[in-house]
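Here the structure comes first, spelled out in structure tokens, and everything after it is commentary.
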Number of protein chains: 2
Amino acid sequence: MKAKVYVTLKKGVLDPQGKAIHHSAELMGFTQLADIRQGKYFEISFNDSVGEAEAREAAESISRDVLANPVIEDFSVEIEG
Amino acid sequence: MKAKVYVTLKKGVLDPQGKAIHHSAELMGFTQLADIRQGKYFEISFNDSVGEAEAREAAESISRDVLANPVIEDFSVEIEG
């Protein structure tokens with residue numbers, strides 16, 4: 001069982017790293033971009049004995065406590081077999 | 001048109017940050033984890049005039065040149081309407 005966790009900055013939170021990437025891309029000639037936002041991505045592999053419900057619960061708990069800062073970031077969890 | 005880009009370390013490349021997260025999660029009582037790998041996630045928003053094919057091509061080109069280090073990282077691109 002594997003969980004994919006996406007952590008993104010909440011709307012309205014400034015993203016200077018994303019702005020820098022946007023600027024670099026524009027200098028390279030990509031002028032059709034409206035915006036680039038940077039986030040984080042994690043792959044959590046569980047032991048074989050772990051079922052889907054337990055994996056989702058553990059992944060959400062880890063995301064809330066370790067991977068994301070809930071004040072400025074949102075996260076979403078996807079479970080894969 | 002929006003592109004989601006996932007950048008992950010290639011298999012076999014050491015991921016000390018992922019190892020540190022794994023260790024922290026274990027100390028918090030999550031002992032059912034086999035592995036955690038950290039990656040990066042980007043959301044690229046395109047201007048309204050950009051079609052799907054152009055968005056995919058631009059996103060892959062930006063990923064290759066700016067977002068990922070092709071020596072140690074893989075990337076994948078998803079396009080959303």
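Residues in segment A:27-55 that are more than 10 Å from chain B (Cβ to nearest Cβ) and surrounded by 13 or more Cβ atoms within 10 Å (Cβ to Cβ): A:Glu52 only.
Applying the set (1) surrounded by fewer than 16 Cβ atoms within 10 Å (Cβ to Cβ); (2) touching a residue at least 40 places away in the same chain (Cβ under 8 Å); (3) basic (Lys, Arg) to A:Lys4 leaves exactly one unmet item: (1). For A:Arg56, state whether it is touching a residue at least 12 places away in the same chain (Cβ under 8 Å) and within 18 Å of B:Glu60 (Cα to Cα). Against the criterion (touching a residue at least 12 places away in the same chain (Cβ under 8 Å) and within 18 Å of B:Glu60 (Cα to Cα)), A:Arg56 does not qualify. In segment A:63-81, of all residues being in contact (Cβ under 8 Å) with a residue 24 or more places away in the chain and over 13 Å from the mean Cα position of the chain (by Cα), the one that is least open to solvent (accessible area, probe 1.4 Å) corresponds to A:Ile79. Quick check: anything in segment A:7-19 farther than 23 Å from B:Leu9 by Cα and hydroxyl-bearing (Ser, Thr, Tyr)? No, segment A:7-19 contains no residue that is farther than 23 Å from B:Leu9 by Cα and hydroxyl-bearing (Ser, Thr, Tyr).
The values are calculated or read from the model by the stated rules, or taken from the named source; none is laboratory data. Computed from a predicted model, the values in this text were never measured in an experiment. Virtual Cβ from ideal backbone geometry, glycine too; neighbours counted across all protein chains shown. Areas reflect the complete protein model, heavy atoms only, side chains present, ligands, DNA and RNA absent. Shrake-Rupley method; radii C 1.70, N 1.55, O 1.52, S 1.80 Å.
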